[in-house]
Amino acid sequence: MQAVDVMTLAQFGQNEPWLRGLVHVQQGGLLLWVTRGQGVIHMHGQRRGFSANNAVYIPPTHLWAVEFGRQTLGQAVSVPVDLAFAFPKTEQLLRIQDGLSQSELTGLIEDMRREIQQDRPFLQDALAAQSALLGIWLRRQIENQETPAKPKAAQKLVRRFCDLAARNVGSGQSMADLADLLGVTPTHLTRVCKQTAGITAADILVQSLVHEARMRLANSDASFKAISEQLGFGSAAYFTRFIQQHCGMTPSRLRDAAQKASKIGVSFPR
């Protein structure tokens, strides 16, 4: 089971920018609490800017990526799928204006950090309870926010596309295949994704596939042939060309680099 984890945004985004910078599927729930700086986040088909005192939540199975600006500070909390039930079901970007709510969130996160560091008896029970409180805090903040405007038709379409894309990473289905399932032309899907997400539908598929491939290269000893088959490539040679094109190096060099990074304490969490 994926563990609850708490880290600073500096730790969360350092050393391997592709881990957060490529659009990919979030495995568990993820909360980002930004206390300083700014950046841009892709949240399941929407490109949004964030700044200090913003709380971002990404639910499991949602597509996302983030670009942190310089000197961005804050905390990141990841929770496993089985603890995400207490959290919102959709992605959130909330501006937390009042000092009390800001202090409550910081306090909840620090309590979780202390539990993890002290590793006392019943640690998992404590983290489950604290995760539930964190989810309640988020839902209360949503209640206090202004009612968001109803999504436009283009936003609904891009969201449906992201739902399909997240479920079909490595299936071998193309952007045109998914456009057909959505009942639209590839040209229209490309245009609306560019408008709402800031990147095209094909970019979303490519980034999520590159991310998944790099994760498997970093976290498993599976052969390149096995990984290529798992991710829907016609052959290991095609997989190698794809990786070289989008990463600038071969799968073997990527795996070697990941192994060297792990020796100095860099991990590749999902």
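The values are calculated or read from the model by the stated rules, or taken from the named source; none is laboratory data. Bear in mind that the values here come from a model prediction, so they are computed numbers and not experimental data. FYI the Cβ positions are ideal-geometry reconstructions off the backbone, even for glycines, and counts take in every protein chain you see.
Looking across the range 91-125, the residues that are among the β-branched types (Val, Ile, Thr), under 18 Å from ALA52 (Cβ atoms) and either part of a helix (DSSP H, G or I) or in contact with a Cys (Cβ under 6 Å, 6 or more places away or on another chain) (or both) come down to THR106, ILE109. Within the range 194-243, the set of residues being touching a helix residue (DSSP H, G or I) at 6+ places or on another chain (Cβ under 8 Å) and among the basic types (Lys, Arg) comprises ARG214, ARG216, LYS225.
Among the listed residues VAL23, VAL77, VAL81, which satisfies the condition of being of a type in the set (A, V, I, L, M), surrounded by 18 or more Cβ atoms within 10 Å (Cβ to Cβ) and more than 22 Å from VAL192 (Cα to Cα)? From the options VAL23, VAL77, VAL81, the qualifying one is VAL77.
One line per residue, one yes/no per condition, for (1) in a helix (DSSP H, G or I); (2) outside the structural domain of ARG113 (by TED's automatic domain parsing); (3) among the polar types (S, T, N, Q):
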| position | (1), (2), (3) |
| --- | --- |
| ALA128 | yes, no, no |
| LEU134 | yes, no, no |
| ARG139 | yes, no, no |
| ARG159 | yes, yes, no |
| ASP163 | yes, yes, no |
| ALA166 | yes, yes, no |
| GLY172 | no, yes, no |
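Check the range 45-58 and report whether any residue there is assigned to a helix (DSSP H, G or I), out of contact with any Ser or Thr (no Cβ under 6 Å at 6 or more places or on another chain), at pLDDT 95 or above and of a type in the set (Ser, Thr, Tyr). For the range 45-58, residues assigned to a helix (DSSP H, G or I), out of contact with any Ser or Thr (no Cβ under 6 Å at 6 or more places or on another chain), at pLDDT 95 or above and of a type in the set (Ser, Thr, Tyr): absent. Whether a residue is modelled with pLDDT of 95 or more, closer than 29 Å to ALA154 by Cα and out of contact with any Cys (no Cβ under 7 Å at 6 or more places or on another chain) was assessed, and THR200 does not pass this test.
Matching residues to (1) buried (at least 17 other Cβ atoms within 10 Å of the Cβ); (2) over 25 Å from ALA55 (Cα atoms); (3) of a type outside the set (Val, Ile, Thr):
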{"position": "ASN144", "(1), (2), (3)": "no, no, yes"}
{"position": "VAL169", "(1), (2), (3)": "yes, yes, no"}
{"position": "ALA176", "(1), (2), (3)": "no, yes, yes"}
{"position": "ASP180", "(1), (2), (3)": "no, yes, yes"}
{"position": "GLY183", "(1), (2), (3)": "no, yes, yes"}
{"position": "PRO186", "(1), (2), (3)": "yes, yes, yes"}
{"position": "VAL192", "(1), (2), (3)": "yes, yes, no"}
{"position": "LEU205", "(1), (2), (3)": "yes, yes, yes"}
{"position": "SER208", "(1), (2), (3)": "yes, no, yes"}
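Applying the set (1) at negative phi; (2) in contact with a strand residue (DSSP E or B) (Cβ under 8 Å, 6 or more places away or on another chain) to PHE239 leaves exactly one unmet item: (2). For the range 178-197, the condition of being within 30 Å of ASP256 (Cβ to Cβ), of a type outside the set (D, E, K, R) and within 17 Å of the chain's Cα centre (by Cα) holds for none of the residues.
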